[in-house]
Amino acid sequence: MADLSHKKSSVGLQIQGSAIAMNLDVASSQAEENGFSDIASTSGIEEEFREILQQTSLKLVDDHLVEFSEALRTVAKALRRVAEGKAVAKAEAAEWKRKYELERAHNLQHKSQFEVAHYNPMNEKLQNSPNQPVMNGSYIEQTEKCCGKHGICSHEILWDEAPRSSTKLAQEMAEAKKASFKLCWGCNGEKSGQHKHEIVSFERGNITTAERSSKQILLKWESPPQTVLILTKPNSISVRTLCAEMVRWLKECKKIIVFVEPRVRTELLRESSYFNFVRTWKDDGEKKLLHTKIDLIITLGGDGTVLWAASMFRGPVPPLVSFSLGSLGFMTPFQSEQYRDYLDTILKGPISITLRHRLQCHVIREAAKDELDTEEPILVLNEVTIDRGISSFLTFLECYCDNSFVTCVQGDGLILSTTSGSTAYSLAAGGSMVHPQVPGILFTPICPHSLSFRPLILPEYVTLRVQVPFNSRGHAWASFDGKDRKQLAAGDALICSMAPWPVPTACQVDSTNDFLRSIHEGLHWNLRKSQSFDGPHDS
């Protein structure tokens, strides 16, 4: 195309020059006929004609140079692409060579342990090679199992014909060895009440979930329990009768020291002076030290009694056995009618338990100097709820997770729940039911003024911060397991994290069986009438 354009421009130039020459001849002839022979004017016209030809030729040369430079640039781009492709191919070849060497070293390691047989394709039999002994039977069987149905395997391709020296093999294996490292599970520091608590080493640099897998937890007594604390549901005649019977049985048949609440001891002594042996505590100072004296906790009531038992222990909680004497039974798997058989089994052990995690909550007022200047921490087993109270305005809350902004809540409120509390208020607000052994924090809005606000389940190690902004129209209220209600004014914040001390509750069968039974019996989960089948049967 470029040559064609050049030819066209040259032809055009020649035509233009011929036309000018013809015009000059005509003009000169006319001048001669008219009697004019002005030589100066004729020479001037010839000079102008030469200048026009010279400028046109220079312009044509410039056009040729521009087109030639563009062609060179195109060639340079093509060469650069070829060079880049060559470099990429070289890098890929080097990577495949490295993989080949690693695989060959791996196979050589196996070849040093097992003896290699030489395969002769002429008679399709395994014959002994002069340089290679025979493989043992187990390895032949493994090779046939690997290669018989799936074609050629990697060890047939990558093994060398001649074995390498042990020194070179050791050197290659040393170069191919992965670096070892450690994983450390921790949290955000002492502000959340947690500390680094577990370090797992991986010698070969391979991460596995075996060390962190959650399995069924068994509790085995190293020494028989000596003291039992009985907590009862108040204002119930049946519970009071069962408590007196159980205290008598534990004292006479099991020789166990029994602790009860001051209220319960007064009720027992009111019935008979026989219960004078029952122990209790006098003040909050002795109450805080109960975990150092109690081996086992027994609750008589519903889930509310279990919550009350958990709230009595700010630190470690002894194993808890809950008997169902209430309206709901998500955490009370034992029936009170067979309490003797159950307690016999539990006191002997081992027993399956569920570690029910708790939330540790701190309220930080707007006038606080820093985040360490907080009120006394509150532990909850089910959930902490932030709502609008009696205010007619929507709750406006700013939520953060480990200093990362989560969202702004505009609605009736927010629920921060444990997995044990997933079947309580969080479930009524649209949250998911979660196995209590799953360590996590549920983030569930209450009637949000948004169609896209869906509940979240966050990992156990995060720290949540819920703050009432200064431009909020009204105050918010926080309640902890349905009690200890606190007002949150503009600028106040609530800090929640996983508490270091869970509540170990005894299982009747195991954690999963008890959980599924509780949602079937307590909630009638997915209970519906089965479809009738009256159609033709398949022949």
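The values are calculated or read from the model by the stated rules, or taken from the named source; none is laboratory data. Just so it is clear, the structure is predicted and the values come from calculations on it, not from any experiment. Cβ atoms come from the backbone with ideal geometry, glycine included; neighbour counts cover every protein chain shown. Quick note on the areas: whole protein, heavy atoms, side chains included, nothing else; ligands and nucleic acids left out. Shrake-Rupley method; radii C 1.70, N 1.55, O 1.52, S 1.80 Å.
Among Ser391, Ser311, which is modelled with pLDDT under 90 and either open to solvent by less than 50 Å² (accessible area, probe 1.4 Å) or touching a Pro at 6+ places or on another chain (Cβ under 9 Å) (or both)? It would help to see each step written out before you state the result.
Numbers: Ser311 fails: modelled with pLDDT under 90.
The match here is Ser391.
Name the residue that is nearest to Leu347 (Cα to Cα), counting only residues in the range 212-257 that are polar (S, T, N, Q) and surrounded by fewer than 12 Cβ atoms within 10 Å (Cβ to Cβ).
The qualifying residue nearest to Leu347 (Cα to Cα) is Ser223.
Filter the range 358-387 for residues that are part of a loop (DSSP other than H, G, I, E, B) and surrounded by 22 or more Cβ atoms within 10 Å (Cβ to Cβ); which is nearest to the chain's Cα centre (by Cα)? Please lay out each step first, then the result.
Residues of the range 358-387 part of a loop (DSSP other than H, G, I, E, B): 358, 365-377, 381-382.
Imposing the further condition that a residue be surrounded by 22 or more Cβ atoms within 10 Å (Cβ to Cβ) reduces the set to 358, 381-382.
Values: Arg358: 20, Leu381: 23, Asn382: 23 Å.
This residue is Arg358.
Which of the residues that make up the range 334-347 are in contact (Cβ under 8 Å) with a residue 12 or more places away in the chain and either open to solvent by 40 Å² or more (accessible area, probe 1.4 Å) or under 24 Å from Glu460 (Cβ atoms) (or both)? Lay out the reasoning, then the answer.
Initially, the range 334-347 is screened for residues in contact (Cβ under 8 Å) with a residue 12 or more places away in the chain, giving 334-336, 339-340, 342-343, 346-347.
Answer for the range 334-347, where residues must be in contact (Cβ under 8 Å) with a residue 12 or more places away in the chain and either open to solvent by 40 Å² or more (accessible area, probe 1.4 Å) or under 24 Å from Glu460 (Cβ atoms) (or both): Gln335, Arg340, Tyr342.
Quick grid of which residues meet (1) touching a residue at least 60 places away in the same chain (Cβ under 8 Å); (2) in a strand (DSSP E or B):
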site	(1), (2)
Leu451	no, no
Ile457	no, yes
Asp484	yes, yes
His520	no, no
Ser530	no, no
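May I ask you to verify whether Ala40 is in a helix (DSSP H, G or I), in contact with an Asp or Glu (Cβ under 8 Å, 6 or more places away or on another chain) and either open to solvent by 80 Å² or more (accessible area, probe 1.4 Å) or at pLDDT below 70 (or both)? Working first, answer last.
Numbers: in a helix (DSSP H, G or I): yes; in contact with an Asp or Glu (Cβ under 8 Å, 6 or more places away or on another chain): no; either open to solvent by 80 Å² or more (accessible area, probe 1.4 Å) or at pLDDT below 70 (or both): yes.
Here the answer is no, as Ala40 does not meet what is asked.
Which of the residues that make up the range 425-453 are out of contact with any strand residue (DSSP E or B) (no Cβ under 8 Å at 6 or more places or on another chain), closer than 23 Å to Leu394 by Cβ and aliphatic (A, V, I, L, M)? Before the answer, list the steps.
Kept after step one, since they are out of contact with any strand residue (DSSP E or B) (no Cβ under 8 Å at 6 or more places or on another chain), are these residues of the range 425-453: 427-428, 433, 435, 438, 451-452.
Cutting the leftovers down to closer than 23 Å to Leu394 by Cβ gives us 427-428, 451-452.
Answer for the range 425-453, where residues must be out of contact with any strand residue (DSSP E or B) (no Cβ under 8 Å at 6 or more places or on another chain), closer than 23 Å to Leu394 by Cβ and aliphatic (A, V, I, L, M): Leu427, Ala428, Leu451.
Could you pull out the residue among Ser497, Ser472, Ser479 that is of a type in the set (Ser, Thr, Tyr), open to solvent by less than 70 Å² (accessible area, probe 1.4 Å) and touching a Phe, Trp or Tyr at 6+ places or on another chain (Cβ under 7 Å)? Let's see the steps before the verdict.
Details: Ser497 fails: touching a Phe, Trp or Tyr at 6+ places or on another chain (Cβ under 7 Å); Ser479 fails: touching a Phe, Trp or Tyr at 6+ places or on another chain (Cβ under 7 Å).
Answer to the selection: Ser472.
Condition test on Ile446, is it more than 16 Å from His362 (Cβ to Cβ) and modelled with pLDDT of 95 or more? Give the steps one after another, and end with the answer.
Values: more than 16 Å from His362 (Cβ to Cβ): yes; modelled with pLDDT of 95 or more: yes.
Yes.
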